[in-house]
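One structure below.
The values are calculated or read from the model by the stated rules, or taken from the named source; none is laboratory data. Note that the coordinates shown come from a computational prediction; the quantities given were computed from them, not determined experimentally. So basically every Cβ, Gly included, is an ideal-geometry build from the backbone, and we count neighbours across all protein chains shown.
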């Protein structure tokens, strides 16, 4: 039986999200090994593809359940890879690494403790998308600061500032998700409110 509607698997946006997932370890390796230009190119491609797959999904009616999980998963893994790689290189302060990763660890702990399923996790909110966007802007700015060292403005400092703002927004969204998860009855999907 062919899958239809939200149950479809093989759609263009899902393929883009899968490619983005494959790019995560490539990006991390490039970043950790100091291949900053290549890492920056991969990060820009990944960030752009994140925007494109959502546009395609909505415009061509290719929104799927799988896409609703793949897209935020790839975002979270790219964020984790970014902060880990940048921290390993000493390009961002370790507290920023801890702050960003702690949010997702907290949410994962709640999901595991409450024995919730992936489908029980609330849908991504506007605040969550904003936090992700700001972080995805901050990390390329930090990396660009290592490539363009004679920039007229201190790019790494601007990246750190954007990273701190993005981390704050990321946590605000996390508390919103936490509230939904605390009210979630396992197996009953919740609509996001923020």
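Residue check: is residue 163 over 16 Å from residue 78 (Cβ atoms) and part of a helix (DSSP H, G or I)? No: the conditions fail for residue 163. Residues in the stretch 19-34 that are closer than 16 Å to residue 88 by Cα, surrounded by fewer than 19 Cβ atoms within 10 Å (Cβ to Cβ) and touching a helix residue (DSSP H, G or I) at 6+ places or on another chain (Cβ under 8 Å): 25, 26, 32.
Restricting attention to the stretch 93-112, which residues are in contact (Cβ under 8 Å) with a residue 12 or more places away in the chain and either out of contact with any helix residue (DSSP H, G or I) (no Cβ under 9 Å at 6 or more places or on another chain) or more than 14 Å from residue 136 (Cβ to Cβ) (or both)?
Within the stretch 93-112, the first condition is being in contact (Cβ under 8 Å) with a residue 12 or more places away in the chain, and the residues that meet it are 93, 96-97, 99-101, 103-104, 106-107, 110-111.
Passing the criteria: 93, 96, 97, 99, 101, 103, 104, 106, 107, 110, 111.
Residue count for the stretch 115-140, restricted to those that are surrounded by fewer than 22 Cβ atoms within 10 Å (Cβ to Cβ) and either modelled with pLDDT of 85 or more or within 14 Å of the chain's Cα centre (by Cα) (or both): 11.
Only residues that are buried (at least 18 other Cβ atoms within 10 Å of the Cβ) and in contact (Cβ under 8 Å) with a residue 12 or more places away in the chain: list them for the stretch 77-87, please. Spell out the reasoning first.
Pass one, the stretch 77-87, residues buried (at least 18 other Cβ atoms within 10 Å of the Cβ): 77-79, 81-83, 85-87.
Answer for the stretch 77-87, where residues must be buried (at least 18 other Cβ atoms within 10 Å of the Cβ) and in contact (Cβ under 8 Å) with a residue 12 or more places away in the chain: 77, 78, 79, 81, 82, 83, 85, 86.
Quick check: is even one residue across the stretch 161-180 at pLDDT below 85 and either under 16 Å from the mean Cα position of the chain (by Cα) or more than 22 Å from residue 25 (Cβ to Cβ) (or both)? Taking every residue of the stretch 161-180 in turn, none turns out to be at pLDDT below 85 and either under 16 Å from the mean Cα position of the chain (by Cα) or more than 22 Å from residue 25 (Cβ to Cβ) (or both).
Taking every residue in the stretch 10-28 that is over 20 Å from residue 143 (Cβ atoms) and pairing it with any residue that is in a loop (DSSP other than H, G, I, E, B), at least 6 positions away or on another chain, the pairs with Cβ-Cβ distances below 7 Å are 11/62; 11/64; 12/62; 13/62; 14/64. Among the residues making up the stretch 88-106, those that are under 18 Å from the mean Cα position of the chain (by Cα) and surrounded by fewer than 19 Cβ atoms within 10 Å (Cβ to Cβ) are 98, 99, 101, 102, 104, 105, 106.
Would you mind stating whether residue 16 is touching a helix residue (DSSP H, G or I) at 6+ places or on another chain (Cβ under 9 Å), more than 20 Å from residue 135 (Cα to Cα) and crowded, with 19+ Cβ neighbours inside 10 Å? Spell out the reasoning first.
On the way: touching a helix residue (DSSP H, G or I) at 6+ places or on another chain (Cβ under 9 Å): yes; more than 20 Å from residue 135 (Cα to Cα): yes; crowded, with 19+ Cβ neighbours inside 10 Å: yes.
Yes.
Looking only at the stretch 37-55, which residues are surrounded by 16 or more Cβ atoms within 10 Å (Cβ to Cβ) and without any contact (Cβ under 8 Å) to a residue 60 or more places away in the chain?
Step one: filter the stretch 37-55 for residues surrounded by 16 or more Cβ atoms within 10 Å (Cβ to Cβ), giving 39-40, 42-43, 46-47, 49-50, 53-54.
42, 46, 49, 53, 54, listed by residue number.
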